[in-house]
Structure formats: C-alpha cells, structure tokens
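The structure appears right after this line, and notes come after that.
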Amino acid sequence: MSVLVYTESEEGKFKKIAFEAVSYAKGIANILGTSVTAVSINGNQTDQLGKYGASKVLSVSSDKLKNFNASAYADVIAQAVEQEAANIVVISSSANCKYLAPLLAINMEAGYVPNVIELPSSVAPFKIKSNVFSNKAFANSEITTEKKLIGLAKNAFGIVENETSSIEENFSPVISEDDLHTKVTSMEKSNDKITIADADIVVSGGRGLKGPENWGMIEELAETLGAATACSKPVSDLGWRPHSEHVGQTGKPVSSNLYIAIGISGAIQHLAGVNSSKVKVVINSDSEAPFFKAADYGIVGDAFEYVPQLIEKLKEFKSNNA
Amino acid sequence: MKILVCISHVPDTTSKINFTDENSRFDTQGVQFVINPNDEFGLTRAMWFKDKQGATVHVVNVGGPETEPTLRKALAIGADEAIRVNTFAKDGFFVAKQLAHVVKDGNYDLVLGGRESIDYNGGMVPGMISKLTGFNFINTCISLEVEGSNAIAAREIDGGKEIISTTLPLIVGGQKGIVQEADLRIPNMRGIMQARSKPLKVIEPVDSNSEINMDSFTKPDAKGSVKLVDNVNDLVELLHNEAKVI
C-alpha cells in the first residue's frame, strides 16, 4: 500500500524533478501513514533516492528500455504498481512523463490529474489542486477512482530532504514486443547545453534584440548564471534562433526559479508559457511593454546598455560569493 | 488514408478567465472560442495529407451544440466531414472513451490530436485513446510523414528531438512544428460556403464513467506591482537578498 513514484533518469543520472517527485510522494505517504517506493528504469546510484524519502527502490535494468518508450515504460510502472498494491502513483511533468502518464492511467485504471501544485487537501475524498488555463487559474478536483495518478508540476513542491533508510530491489518486468512498435531511429541533442526543462534559470531574448548577431550577450549572460537560453515566438519564426528555444504557449513551457526576459514585450501567448516561473525579470526599453505588469523586477532601458553591465556585475558577484 | 482530427473547442488565448456558479465552472460570457491551437497544427497537417496524398479528413469534437461553429470552421479550412459527440466533456478519460469509440467505429488510419488543450491543459486524451484502441502513439510530435502503412515522425524532447519510426494505425499528439505557424490556413469565402453543406453528424455518447470532478476553481492572488530599478547593482542585490534566486 505504499505510495509509488516514478523517478526519471537520463543516461543513468536521476533528474532533479525525480528528487522533487520523491519529496512530494513522501509528503503524501506521511499523510497516509505509509512509505514511498520508487521505480527507477536504468538509473544509477539509486541510494540517492533515500535522501528524499524513498524506503524502497525497485530498480529495472534493461537494454530494451535504453531509449525512452512511453508504452513500455508505462507497462513497467503498471507492473510495479501491481506488485506493490499501490493506490497512489506520483510522476513528474517532463515531456517523457506527460507522454507516458495517460497510458499508465488507462493501464492501472486510475484517475489522472496533471500539473498538481500541492499535497492533497484531503485524502478521503481525495482532493487535489492543479494548474489550469495556462497557470491563470487553479482547479480543485476530486479523484473518484480507487487508484490515483498524480502528475506533479515542476518546481511546485520543491526538493525536500527526508533521510530514510532505503533498500534496493531488482525488478524484472515483462516487456512486451507490442510495446516496441514505435522505435527511436536517431536523436539530435546538444549535450553541452543546459536544457530549458532542467534549468533553474532561463535567459530569454525577444525581437527587441534586433537580430541574431546580437545573441552573444544573451549567451554570455546565460553562461554567467549557469542558465538555459530561450527566445520568444517571433524570434524563432524569423529563424534567428532554433525552434527548440521557443518558449510560450505553442512552444516549450518554462517553470524556472528565475526567468529573465530581454527585449520581449510579453504578449499573452508568451506569458501563458512562462508565468509559472517563480521570479520574472524584464529588461525592455518600452515602459509600456505588457510584460512589466507580469514581472517582479524590471529595468526600463536599452538592453544593449544594461545587459553587458549586468554580465559584469554578476561576474563580480560570483567571484565575491564563490 | 482516412484521418480523424480531434478538435477541442477552447477559449481564445486572450480571453479573461473567470468562473461562475460559485466558482464551479468556467464563465463563457463574452468569451470567443477557437480551435485549440495544438489541434489546428494537426488539422493543417491533415490538409497536407489530403492535398498531396488524397487522404479523407474527418474532424470530431465532444461537446454541446455550442461547439458547432468551431467544427464548421474546421470544415471551412477543408475537412470533409465533422462529427459531434453530443455530451458535456466531463473529464479527459470520459472524452477519450467517446473518441476511442468514434475511432474504432470509423476505421481511421491516422488520428491527429494536440499535445494539450489550452484550457484544462490535461494533455491526456490522445494517449488515452491510443491505449483504448491499441493504436501506436507519438506525443509532442513536430513532424510527420506517412508512406503506405509506415510513418516517420519527429518528437520534441528536452534539449532536442528524436526521430521515430512506427506504423499505422497511429495517433499523434501534435504541436507547432508538425506544420509551421505560417502554414496555418484562414478559411476563405469559398471554404466557408462549402462548409455549410458538408455533413456535420451528431452522435450520442457511449456509456462511460468519469474519474475526476473539477469541483471548484480559484484564481491566483493578484500579483504585486513590478519593482523597477535603474541600475544593475540594485537588480543583482534584489535577486540575491530579496528574491534569493541567485
């Protein structure tokens, strides 16, 4: 009857969102007076999960699961759910987790609520709060099925340490050939850069930067902060930056700790994709730019003047605080 | 090839989000409804398959009569036939059950949906349909080619993309990239006239339970106003000491 949590890893290394998911699962387990079992697929150093509250780790190693496959991963997790007789399953909100979650929900006949931001306000009936309308509202929902699948919004609960003695068990699920009908044939990925999904800080540029040749300072600012780079829709439509950097309603969602928007006016479609970031900073020469209404901090001024100054100041700050 | 495009009828992005009946449901007053943007990318790709590969394209929505203008718009863009499942869309699972029934009943080869709807952001319907029908499934799809019964797709992943090969029957959760924004079609007068005489079938729902009750809605507290500074020293100081994010 433990709370089960899927802990996502990439090339063996657990993602930060996996630690957040375990922290959250531990929160629910505490309410229910039970423990947390984590499921890891090809993850190394599973003992790390104990630090956030997992009492048991079901560890799957399989070459067949080397590439992410939503259907196969969902089946693996469903088998773990059955073995543990778990009624509550927690997953993250990464692209992969959102891919597999609806499959898992049908597999385990669970009601699924994605984008959850808090622990349940009650467990009988099971009531939970989630983001809807692109973070412009919250829904308070009751999950009426016996089994429940909870998709935790990134950065909503935070990583909470909860040292727990943890045992690892090898878990060997049945992997059906039927699950392997979709095959990854190749992958293009820049491994040297922090991704928007993983970054704590995102530095984003808009049309106010006038042209792709001016992105040097955006990249330098991002590097100084250990941040990912992103851009507004017009910038990706103009081909100044790759589509993979486009953030907003039709692009990638951002929920970082800090989002710095430079030369972005803040169209409502842009804000819909970035407004779950905790702290938003805007640098824009137009004091009427709508983004200032949604921002926490702002500088009304020329990006070409302020961004180089900001880089210098941050370098100085970093060397003083190193 | 027979294609079904799932169309969600959603408030335009610029709509004011308010709730009514003691905050138990979305207030549609004064709200303009549109084809869900992620679905529109899929619909546009379906038009490409129609033009280049002779595909037949049907569109479907689960909802009341108020969603028909949205289906008519899809017909005006070029879909051949529309289906409306005449019921209130209770939750994602309920909608997926209805659509899975339509999919099985219509012998479709390819089903195009969106990565998520911009209202409830559930992102679950295409995946659930795939599990209920046994169709292969690709989510966050940013390109799709079909040749015979083989499909090659690209999926957006964190930090890049992967190329996936699979077979029909297939369901896809599409997004920008499956076509570009510039490829989206605005219905012309001829399309609008033709849409009036195209079939819009209304069918009754199949029995299904729902799993989630959205009991009430709340809105975030009003945000405090922006703190403006005029130099980077103050900004770094605030980010460090007040916001504590660096």
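The values are calculated or read from the model by the stated rules, or taken from the named source; none is laboratory data. Everything numeric here is computed off the predicted structure, so don't read it as measured data. Ideal geometry is used to build each Cβ from the backbone, glycine not excepted, and the neighbour counts take in all protein chains shown.
Quick test of your reading of the structure: residue A:11 fulfils all but one of (1) without any contact (Cβ under 8 Å) to a residue 24 or more places away in the chain; (2) more than 19 Å from the chain's Cα centre (by Cα). Name the failing condition by number.
Status for residue A:11: all satisfied but (2).
Considering segment B:77-102 alone, what residues qualify as being under 24 Å from residue B:53 (Cβ atoms) and either part of a strand (DSSP E or B) or within 14 Å of another protein chain (Cβ to nearest Cβ) (or both)?
Correct list: B:81, B:82, B:83, B:99.
Only one of these is closer than 25 Å to residue A:130 by Cβ and acidic (Asp, Glu): B:158, B:109, B:105. Name it.
Working: B:109 fails: closer than 25 Å to residue A:130 by Cβ; B:105 fails: closer than 25 Å to residue A:130 by Cβ.
Only one candidate qualifies: B:158.
Which of the residues belonging to segment B:118-148 are polar (S, T, N, Q) and either without any contact (Cβ under 8 Å) to a residue 24 or more places away in the chain or closer than 22 Å to residue A:195 by Cβ (or both)? Lay out the reasoning, then the answer.
We begin by selecting, within segment B:118-148, every residue polar (S, T, N, Q); these are B:121, B:130, B:133, B:136, B:139-140, B:143.
Within segment B:118-148, B:121, B:139, B:140, B:143 meet the criteria.
In segment A:178-211, how many residues are closer than 30 Å to residue B:150 by Cβ, more than 7 Å from chain B (Cβ to nearest Cβ) and in a loop (DSSP other than H, G, I, E, B)?
Qualifying residue count, segment A:178-211: 1.
Return the total of residues in segment A:277-293 being crowded, with 21+ Cβ neighbours inside 10 Å and touching a Lys or Arg at 6+ places or on another chain (Cβ under 9 Å).
Residues meeting the conditions: 1.
Tally up the residues in segment A:64-74 that are crowded, with 21+ Cβ neighbours inside 10 Å and more than 10 Å from chain B (Cβ to nearest Cβ), please.
Result for segment A:64-74: 2.
Considering segment A:134-146 alone, what residues qualify as being surrounded by fewer than 21 Cβ atoms within 10 Å (Cβ to Cβ) and not β-branched (Val, Ile, Thr)? Lay out the reasoning, then the answer.
The first filter runs over segment A:134-146 and keeps only residues surrounded by fewer than 21 Cβ atoms within 10 Å (Cβ to Cβ), leaving A:136-138, A:140, A:142, A:144-146.
Selection gives A:136, A:137, A:138, A:140, A:142, A:146.
Search segment B:138-149 for residues being touching a helix residue (DSSP H, G or I) at 6+ places or on another chain (Cβ under 9 Å) and either assigned to a loop (DSSP other than H, G, I, E, B) or within 7 Å of chain A (Cβ to nearest Cβ) (or both), and hand back the single one that is surrounded by the most Cβ atoms within 10 Å (Cβ to Cβ).
Ranking the qualifying residues of segment B:138-149, first place goes to B:139.
Please identify the pairs in which a residue from segment B:213-228 that is facing another protein chain (nearest Cβ under 7 Å) has its Cβ atom under 6 Å from the Cβ atom of a residue that is surrounded by 12 or more Cβ atoms within 10 Å (Cβ to Cβ) and of a type in the set (D, E, K, R), counting only partners at least 6 apart or on another chain.
B:213/A:142; B:215/A:142
Tally time: how many residues in segment B:118-134 are surrounded by fewer than 24 Cβ atoms within 10 Å (Cβ to Cβ), more than 7 Å from chain A (Cβ to nearest Cβ) and on the phi < 0 side of the Ramachandran plot?
Residues meeting the conditions: 1.
How many residues are over 19 Å from the mean Cα position of the chain (by Cα), surrounded by fewer than 19 Cβ atoms within 10 Å (Cβ to Cβ) and part of a helix (DSSP H, G or I) if we restrict to segment A:14-47?
The qualifying residues number 4.
Could you look through segment A:237-266, keep only residues that are within 9 Å of chain B (Cβ to nearest Cβ) and touching a Pro at 6+ places or on another chain (Cβ under 9 Å), and pick out the one that is surrounded by the most Cβ atoms within 10 Å (Cβ to Cβ)?
A:250
Determine which single condition residue B:111 fails, assuming it passes every other condition in (1) outside any helix (DSSP H, G or I); (2) surrounded by fewer than 24 Cβ atoms within 10 Å (Cβ to Cβ).
Answer for residue B:111: the failing condition is (2).
Across segment A:263-307, what is the number of residues that are in a helix (DSSP H, G or I) and either under 25 Å from residue A:246 (Cβ atoms) or in contact with a Ser or Thr (Cβ under 8 Å, 6 or more places away or on another chain) (or both)?
Total satisfying the criteria: 15.
Kindly establish whether residue B:177 is in a loop (DSSP other than H, G, I, E, B), within 9 Å of chain A (Cβ to nearest Cβ), of a type outside the set (S, T, N, Q) and under 30 Å from residue A:150 (Cα atoms). Before you say what the answer is, go through the steps one by one.
Values: in a loop (DSSP other than H, G, I, E, B): yes; within 9 Å of chain A (Cβ to nearest Cβ): yes; of a type outside the set (S, T, N, Q): yes; under 30 Å from residue A:150 (Cα atoms): yes.
Yes.
For segment A:69-81, name all the residues that are free of Cβ contacts under 8 Å to residues at least 40 places away in the same chain and more than 13 Å from residue A:105 (Cα to Cα).
none
Which residue, of B:87, B:70, is buried (at least 17 other Cβ atoms within 10 Å of the Cβ), among the hydroxyl-bearing types (Ser, Thr, Tyr) and over 15 Å from the mean Cα position of the chain (by Cα)?
Numbers: B:70 fails: over 15 Å from the mean Cα position of the chain (by Cα).
Checking each option against the conditions leaves just B:87.
Here is a list of conditions, (1) touching a strand residue (DSSP E or B) at 6+ places or on another chain (Cβ under 9 Å); (2) within 11 Å of chain B (Cβ to nearest Cβ), and residue A:60 meets all of them except one; can you say which number that is?
(2)
Per-residue answers, yes or no, for (1) in contact (Cβ under 8 Å) with a residue 40 or more places away in the chain; (2) farther than 29 Å from residue B:220 by Cβ; (3) not small (Gly, Ala, Ser):
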site: A:203; (1), (2), (3): yes, no, yes
site: A:219; (1), (2), (3): no, yes, yes
site: A:222; (1), (2), (3): no, no, no
site: A:251; (1), (2), (3): no, no, no
site: A:257; (1), (2), (3): yes, no, yes
site: A:263; (1), (2), (3): yes, no, no
site: A:272; (1), (2), (3): yes, no, no
site: A:292; (1), (2), (3): no, no, yes
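Among the residues in segment A:225-244, are any more than 22 Å from residue B:156 (Cβ to Cβ) and among the basic types (Lys, Arg)? Break it down into steps so the answer makes sense when it comes.
In the first step, residues of segment A:225-244 are kept if they are more than 22 Å from residue B:156 (Cβ to Cβ); the result is A:225-226.
From what's left, among the basic types (Lys, Arg): none.
No, segment A:225-244 contains no residue that is more than 22 Å from residue B:156 (Cβ to Cβ) and among the basic types (Lys, Arg).
Exactly one of (1) modelled with pLDDT of 95 or more; (2) touching a Pro at 6+ places or on another chain (Cβ under 8 Å); (3) of a type outside the set (Phe, Trp, Tyr) is unmet by residue B:5. Its number?
Among (1) modelled with pLDDT of 95 or more; (2) touching a Pro at 6+ places or on another chain (Cβ under 8 Å); (3) of a type outside the set (Phe, Trp, Tyr), the lone unmet condition for residue B:5 is (2).
Condition first: in a loop (DSSP other than H, G, I, E, B) and either touching a Lys or Arg at 6+ places or on another chain (Cβ under 9 Å) or without any contact (Cβ under 8 Å) to a residue 60 or more places away in the chain (or both). Now tell me which residues in segment B:193-210 satisfy that. Outline the logic, then answer.
Initially, segment B:193-210 is screened for residues in a loop (DSSP other than H, G, I, E, B), giving B:198-199, B:204-210.
Those that are in a loop (DSSP other than H, G, I, E, B) and either touching a Lys or Arg at 6+ places or on another chain (Cβ under 9 Å) or without any contact (Cβ under 8 Å) to a residue 60 or more places away in the chain (or both): B:198, B:205, B:206, B:207, B:208, B:209, B:210.
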